[in-house]
Structure formats: C-alpha cells, structure tokens
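Novice: First the structure, which I've put down as structure tokens, then a few questions once you've had a look.
The values are calculated or read from the model by the stated rules, or taken from the named source; none is laboratory data. None of the values given here were measured: they were computed from a predicted structure. Cβ placement follows ideal geometry from the backbone for every residue including glycine, while neighbour counts extend to all protein chains displayed.
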Amino acid sequence: MVAERIESPTQIIHYEQATLDAEYARWGVIEKRWCSEVSNYCIPYRDGAAAIQHPPSLSFSVSRDFGNQFSFLKEVTLSPEDVGEFSGTVVLIHGYGAKKESWMNTGFYFQALGFRVIEPDLMGQGESQAPLGFGVRDGDLLAEFIEQIIPVADEPVYLVGHSMGALAAVKTARQMDAISGLILLAPMDRFDRATIGVAHMFKPRLSKLVPDSSIKAGAELALSRAGITLEQTDMFADLPALSVPILTYGSGMDLASNIRRTERWQGLNNVTRVINNNETHMSVIGISDTEHAVLKDWLSQTSLFTKNHLSAGR
C-alpha cells in the first residue's frame with residue numbers, strides 16, 4: 001500500500017486555472033513542450049523572459065493552507081534597485097507531488113531580478129507522461145533539455161530545486177559542465193528517510209498506525225520497481241564531485257530534508273548552508289525578506305553578471 005501511494009503522487013493544485021492563465025500572461029510566460037532526441041520522453045515547461053522593463057509587480061507572495069502548522073504565507077517587495085540586478089537563466093525544479101505551476105509567483109520574483117525563468121515538470125508529475133523519476137532519472141533528461149533550450153555557453157545558468165527537485169538539480173549538474181550554481185531548498189534526505197519524515201510531519205496520526213519499518217519498506221519497493229537504489233537518492237554521494245557554488249537553505253528541524261545533517265555538509269567548501277528554523281519543508285518555495293537577502297547575497301558573490309559588474313565593465 002505504501003509503495004502504491006508513493007508511485008501515484010497526488011498533484012496539489014494551489015491556483016485556479018483562470019488565475020494561472022491571467023498571471024502568466026501578465027508576465028509573458030509561455031507554456032511549451034520539449035521532447036528528447038535520445039529517449040521517448042517529453043518535458044512540459046513554462047518559459048518566461050527577464051522582466052526588467054516595467055515589471056508588472058515588485059511584490060510577491062506565496063501561501064499554502066494545509067490546515068495545520070505547515071500552512072504559511074511568504075511575502076517580499078523588491079526595491080527598484082533590485083530589478084534587473086542579475087542576468088542569465090534560472091531553472092526552477094519542483095518537488096514530489098508538485099508541478100511546474102507551484103513556482104508561479106517565485107518565478108515572477110526571479111524574472112524581476114533579471115533572469116529568464118524555466119519551470120519544467122519532473123518525470124511522472126504535473127503534465128509529464130514519463131514514468132516517475134524520483135529525482136534520479138530526471139538528471140539525464142533535464143541535462144539534455146537545458147543544453148538544447150538555453151545557450152549555456154553564453155550566460156550563467158542556475159538550478160533551483162526544492163526537496164526531490166534539489167536531488168534532480170544535483171543529478172543534472174553532474175551531467176553538465178556549464179551550470180553556474182545550485183540553490184537547494186529543503187533538499188530531500190535519502191528517499192526512505194525523507195518518506196518517513198514526511199509521514200511524521202504531514203500525517204502524524206497515520207504514522208502512528210503505520211510503523212517506520214513499513215514506510216521504509218514501501219519506499220524501497222517503489223524505488224526498486226523503478227530500477228533505482230536507495231543510494232542513488234542520497235545526494236551526498238554526488239555533492240563531493242561538484243565544484244560549482246551551492247547554496248542550501250531550510251530548517252534544521254525539517255525531518256524530510258538532509259540540511260539538518262551538519263556532519264554530512266562539513267568539508268564541502270563550495271557549499272553555503274543557511275539554517276532558518278522559521279521555515280518548514282514547504283515554505284522555502286516562497287520568498288520572504290529574509291530569504292531574499294540570503295539569495296541576493298549569494299548570487300552577488302557567485303555571479304559575474306550582476307548589474308554592478310556589467311556597469312563597471314563598460
């Protein structure tokens with residue numbers, strides 16, 4: 001039963017379709033579809049250009065009502081000086097049970113900062129017809145996708161991943177030399193531990209009836225059916241091979257995320273690890289003043305394509 005539930009992620013809809021259509025049109029974001037020349041799989045995605053000339057808004061809010069302590073409201077208002085501060089492309093990679101539209105207002109935020117924003121559906125989620133990739137199989141497909149639709153040799157490309165999407169971002173970066181940096185928001189712990197953590201956080205009553213051993217066995221079975229091992233879902237097996245700048249951000253009390261595993265992050269000198277215990281596993285996808293300050297500081301230190309750098313070079 002556990003494996004079957006894992007294999008059929010519930011797609012949570014947070015916006016009415018009319019709202020999605022109107023807001024994406026206001027920001028010039030287009031829905032597209034790309035298909036691999038290597039496999040038979042396609043990626044549905046949204047594509048929005050940088051909005052540095054009179055962006056529709058400088059205020060962005062993201063809220064989720066889960067009916068429990070994990071409900072949240074995140075808000076930020078940019079200053080005029082923030083608009084167009086950076087350039088390049090940001091690829092926003094959602095987590096398990098989500099879809100590309102989960103990033104809507106966060107995508108607008110990055111557009112206002114000066115980035116082209118790409119929002120793909122992960123394999124087996126959203127509008128994707130591919131089998132569930134668990135963040136592991138997604139790496140090869142996303143790498144091919146990015147290399148074909150983004151001029152990676154001419155501009156910085158940042159991968160922003162949430163939870164399982166953070167694992168997909170790491171797997172993608174392993175396949176590409178041209179990634180400029182990774183932003184890992186509440187990065188997923190090894191899949192069995194993450195699954196147990198999600199159960200305890202979001203389904204505490206049910207988790208008391210279903211023992212952790214059964215949840216772990218279900219997670220392993222779901223992976224086995226997909227031809228994936230537990231070890232492949234542990235990003236610490238991949239992170240030491242990456243030399244690009246990495247920002248990881250989330251709560252140290254997040255039971256589904258590996259960000260709390262301090263000892264595993266030690267020695268990774270290219271990683272900036274920011275703990276904010278006011279966040280939850282889901283809230284990190286929205287931008288607050290605090291998160292904006294963290295992102296802007298990190299991007300300013302890692303990017304050679306900031307507005308100030310470009311001005312100084314003229």
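Novice: For region 223-255, which positions are aliphatic (A, V, I, L, M) and within 16 Å of Val170 (Cβ to Cβ)?
Specialist: If the condition is that a residue be aliphatic (A, V, I, L, M) and within 16 Å of Val170 (Cβ to Cβ), then Ile228, Leu230, Met235, Ala237, Leu239, Ala241, Leu242, Val244, Ile246, Leu247 are the ones that fit.
Novice: Got at least one residue in region 146-167 being without any contact (Cβ under 8 Å) to a residue 24 or more places away in the chain and out of contact with any helix residue (DSSP H, G or I) (no Cβ under 9 Å at 6 or more places or on another chain)?
Specialist: The answer is yes; a qualifying residue exists.
Novice: Could you give every pair whose Cβ atoms fall below 6 Å, whose first residue belongs to region 177-190 and is closer than 24 Å to Phe86 by Cα, and whose second residue is of a type in the set (Ser, Thr, Tyr) and part of a loop (DSSP other than H, G, I, E, B), counting only separations of at least 6 or pairs across chains?
Specialist: Once the first residue is closer than 24 Å to Phe86 by Cα and sits in region 177-190, its partners that are of a type in the set (Ser, Thr, Tyr) and part of a loop (DSSP other than H, G, I, E, B) give Ala186/Ser163.
Novice: Only one residue in Val170, Val157 is within 13 Å of the chain's Cα centre (by Cα) and over 20 Å from Pro9 (Cα atoms), so which one is that?
Specialist: Val170
Novice: Across region 241-284, which residue is farthest from the chain's Cα centre (by Cα) among those that are under 28 Å from Met176 (Cα atoms) and among the hydroxyl-bearing types (Ser, Thr, Tyr)?
Specialist: For region 241-284, the residue satisfying everything is Thr262.
Novice: To continue, here is another question. Inside region 27-54, can you point out the residues that are small (Gly, Ala, Ser) and either surrounded by 15 or more Cβ atoms within 10 Å (Cβ to Cβ) or in contact with a Phe, Trp or Tyr (Cβ under 6 Å, 6 or more places away or on another chain) (or both)?
Specialist: If the condition is that a residue be small (Gly, Ala, Ser) and either surrounded by 15 or more Cβ atoms within 10 Å (Cβ to Cβ) or in contact with a Phe, Trp or Tyr (Cβ under 6 Å, 6 or more places away or on another chain) (or both), then Ser36, Gly48, Ala50, Ala51 are the ones that fit.
Novice: In the set Ser79, Ser39, Ser57, which member is at pLDDT below 95 and either under 29 Å from Arg137 (Cα atoms) or out of contact with any Gly (no Cβ under 7 Å at 6 or more places or on another chain) (or both)?
Specialist: Within the list Ser79, Ser39, Ser57, the selection yields Ser39.
Novice: Among the residues of region 74-107, write down those that are in contact with a strand residue (DSSP E or B) (Cβ under 8 Å, 6 or more places away or on another chain) and charged (D, E, K, R).
Specialist: Listed by number, the residues that qualify are Lys74, Glu75, Lys100, Glu101.
Novice: Counting residues that are in contact with a strand residue (DSSP E or B) (Cβ under 8 Å, 6 or more places away or on another chain), in contact (Cβ under 8 Å) with a residue 12 or more places away in the chain and surrounded by 15 or more Cβ atoms within 10 Å (Cβ to Cβ), which helices (runs of 4 or more DSSP H) fully inside region 191-302 reach at least 3?
Specialist: In region 191-302, the matching helices (runs of 4 or more DSSP H) lie at 289-302.
Novice: Would you be able to tell me the number of residues in region 118-171 that are crowded, with 24+ Cβ neighbours inside 10 Å and acidic (Asp, Glu)?
Specialist: 3
Novice: Of (1) of a type in the set (Val, Ile, Thr); (2) assigned to a strand (DSSP E or B); (3) closer than 28 Å to Gln17 by Cβ, Ile183 satisfies all except one. Which?
Specialist: (3)
Novice: Considering only residues that are among the β-branched types (Val, Ile, Thr) and within 25 Å of Thr280 (Cβ to Cβ), which ones fall in region 222-261?
Specialist: Thr233, Ile246, Thr248, Ile259
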